[in-house]
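Chemist: Sharing a structure here in structure tokens format.
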Amino acid sequence: MRLKFLTLIAATALLGACASEPENDGSGNTGSQSAAPTTSSTAPVTSTAISGPTPGTQEHLTVNVGDRVFFDTDKSDLTADSREVLEKVAVWMNSYPVATVIVEGHADERGTREYNLALGERRANSVSDYLVALGVNPNRLQTVSFGKEQPAVLGSNDEAWAQNRRGVFKVN
């Protein structure tokens, strides 16, 4: 009888230990659990568990793909680096089919206003045409040229000019 009583107490203690919450060490980690997050079928996953920019937004594009390409002086031809970025933009756009994008063409401060507006237009069209060739629906793209009117970097030197010769993607 005594053995049965001790077995019953041991079983109760064991079940009690399994049902209790693990101790919290103050760091968010519990007992012997690893630092890696775990999920259980009883704990619902909420949207607060997901961090980062909202998919399909300007911030999402900028963080995950990039929002600009750069051009050589007086050129509207795409560089190898620009084509690589545009290939990622095309994949991003095809992943978010409701997103529309305005492609802005920009130039550095050298040259006349009219020349730079035309150059910015050629750059925006070059970007747009390449995206269409990669399978992006042309109805989801608009182009606009700002010429030299909206520099990204102020200055009259090679570094500033290189940053201002660009095509920029703006999610609508």
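Chemist: Can you find a residue that is of a type in the set (S, T, Y) and either closer than 17 Å to E84 by Cα or touching a residue at least 60 places away in the same chain (Cβ under 8 Å) (or both) anywhere in the range 128-145?
Modeler: yes
Okay, residues lined up against (1) on the phi < 0 side of the Ramachandran plot; (2) surrounded by fewer than 23 Cβ atoms within 10 Å (Cβ to Cβ); (3) touching a residue at least 12 places away in the same chain (Cβ under 8 Å); (4) of a type outside the set (F, W, Y):
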| site | (1), (2), (3), (4) |
| --- | --- |
| V98 | yes, yes, yes, yes |
| D108 | yes, no, yes, yes |
| G111 | no, yes, yes, yes |
| N125 | yes, yes, yes, yes |
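Chemist: Select from the range 68-96 the residues that are surrounded by 14 or more Cβ atoms within 10 Å (Cβ to Cβ) and either modelled with pLDDT under 95 or part of a loop (DSSP other than H, G, I, E, B) (or both) and list them in ascending order.
Modeler: If the condition is that a residue be surrounded by 14 or more Cβ atoms within 10 Å (Cβ to Cβ) and either modelled with pLDDT under 95 or part of a loop (DSSP other than H, G, I, E, B) (or both), then F71, S76, L78, Y96 are the ones that fit.
Chemist: Let me ask you something else. Could you check the range 146-172 and list, in sequence order, the residues that are more than 22 Å from E84 (Cβ to Cβ) and part of a strand (DSSP E or B)?
Modeler: Answer for the range 146-172, where residues must be more than 22 Å from E84 (Cβ to Cβ) and part of a strand (DSSP E or B): F146, G147.
The values are calculated or read from the model by the stated rules, or taken from the named source; none is laboratory data. Given the structure is predicted, the values throughout are model-derived calculations rather than measurements. All Cβ positions, glycine included, derive from the backbone under ideal geometry; neighbour counts span all protein chains shown.
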